[in-house]
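Everything below concerns the one structure shown next.
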Amino acid sequence: MTLRWFAVFALLAFPPHASAVAPECGGVDLSADASIKPDWKRYADDLINANGLLWRIEKLGLAPSYLYGTMHSTSAGPIELAEKAAPYAAQAKTVATELGPLDAAQKIELGAAMLHAAMSPDADTFSGYIEGEDAARVEQYLVGKGTPALMAHHLKLWMLAMTASLPKCEIEGQTNGLPEVDESFARIAEARHAPVVGLETIEEQLRTIASIPTPLAATILKSSARGGPMADDGYKTLLSLYEQKRPAAALAILDAAPGLTDDERRAEAELTRRLLADRNATMAERAAPLLEKGGAFIAVGALHLSGKGGLIELLRGKGYQVTNVW
């Protein structure tokens, strides 16, 4: 979710450049670091159904539907995996994504709504939350990601926390107009004149992001600016694990990465809960009418699928048989 929102914001704030090649992402894959010892037992509930991206959903008397875990990315690996899943979307009666299809006018509307909600023209948003050396460090970090210093001080901290979570390569990929995974499935459906629907609205996603408490956002920003795992290393790790078809493992691996304080670990866990777990029930509820007709293809962020409260378990609770395809 965060990549799409920030990408549209970035398109308004910074002019796009023509490019057909995804920028190379930096960072280190922490999942390959033998010195990092994740607490797998502690994350056992989060790692239920954690292996696999494509799942078949079945119920007696209905055509099979499919659930695919995306990564909101322009990188080559997720795009190639989406191409492997494309034949399932091409056969679907209906395709559902988080927000549904967004044409150019809707993206402008989305970006304008986000910019309006995030701007604080009359107040320094750092004041009282990020000060002294922390302020200088955060400002420099955001400038490095393309957010001008003056602008940063007049954007609400929830917006800046989203900015901090993204590597520069993905920001560049989106502002350069490269296709994102979710868009590829919507285009397949539209080419076949099949309906494309959203499981959430723009307003709902904006409310979710804007509800991030300011102290929580400030903690995330300070952690990212001093090199916490939600910077480029975190993204590189998630990208690697996604290509291995086990993205949820990133939750435990990044929590075990060195350099985080206890407060920062709690902040990361709370942010994950707000952006992922709290939305799963809504997605499952809105997917239900599509699944009852059979032949649906549902593509949402991969971290929504796994876990005790993830979509796979929620759908099983509704009487569906959900099995991994790959």
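Quick notes on this one:
- GNM remark for the chain: springs join alpha carbons under 10 Å apart, and the peak mean-square fluctuation among Thr214, Thr70, Thr94 falls on Thr214.
- Within a Gaussian network of the chain (alpha carbon springs, distance under 10 Å), most fluctuating of Asp233, Asp182, Asp262: Asp262
- Sequence-distant residues sharing a close amide H with Val197 (under 5 Å, placed H): Val95, Ala96, Thr97
- Its residues counted as N, region 197-326 yields a C-alpha radius of gyration over 2.2 N^0.38 Å of 1.17.
- Per-residue Karplus couplings for region 294-300, computed as 6.51 cos²θ - 1.76 cosθ + 1.60 with θ equal to phi - 60°, are listed in order as x, x, 8, 10, 10, 10, 9 Hz, Gly and Pro entered as x.
- Here the scattering of the chain is modelled by Debye summation over its C-alpha atoms, one equal scatterer each and no solvent; at q = 0.07 Å⁻¹ the log10 of I(q)/I(0) is -0.27.
- Cleavage-rule hits, chymotrypsin sites (Phe, Trp or Tyr not before Pro), region 33-138, DSSP coil, Cβ neighbours within 10 Å at most 14: Trp40
- In a reduced charge model with +1 at each Lys and Arg Cβ and -1 at each Asp and Glu Cβ, the chain shows a dipole moment near 980 debye about its Cα centre.
- Note on region 110-244: Rg/Rh from C-alpha atoms, Kirkwood Rh, equals 1.02.
- The chain: antiparallel DSSP beta bridges as a percent of all, rounded to 5: 45
- FRET efficiency, Ile48 to Leu150 (Cβ-Cβ, R0 41 Å, nearest 0.05): 0.35
- Of the residues Val197, Val143, Val300, the one with the largest accessible area comes first in the ranking Val143, Val197, Val300, computed with a 1.4 Å probe on protein heavy atoms.
- In this simple spin-label model, placing a label point 7 Å from the Cα along the Cα-to-Cβ direction at both Asp122 and Arg192 gives a separation of 5.3 nm.
- Once the Cα atoms are used to define both axes, helix 262-272 deviates from the longest principal axis of the chain by about 40 degrees.
- Which of Ala50, Pro64, Leu30, positive extreme of dipole for region 20-66 (C-beta unit charges): Pro64
- In sequence order, calculated HN-Hα J values of region 75-88 (Karplus, 6.51, -1.76, 1.60; Hz; x Gly/Pro): 5, 4, x, x, 5, 5, 5, 5, 5, 5, 8, 4, x, 5
The values are calculated or read from the model by the stated rules, or taken from the named source; none is laboratory data. Here the structure is a predicted model, which is why all the values come from computation and not from measurement. Counting neighbours? That spans all protein chains shown, and the Cβs are built from the backbone with ideal geometry, glycine included. All accessible areas refer to the heavy atoms of the entire protein, side chains included, with ligands and DNA or RNA removed. Shrake-Rupley method; radii C 1.70, N 1.55, O 1.52, S 1.80 Å.
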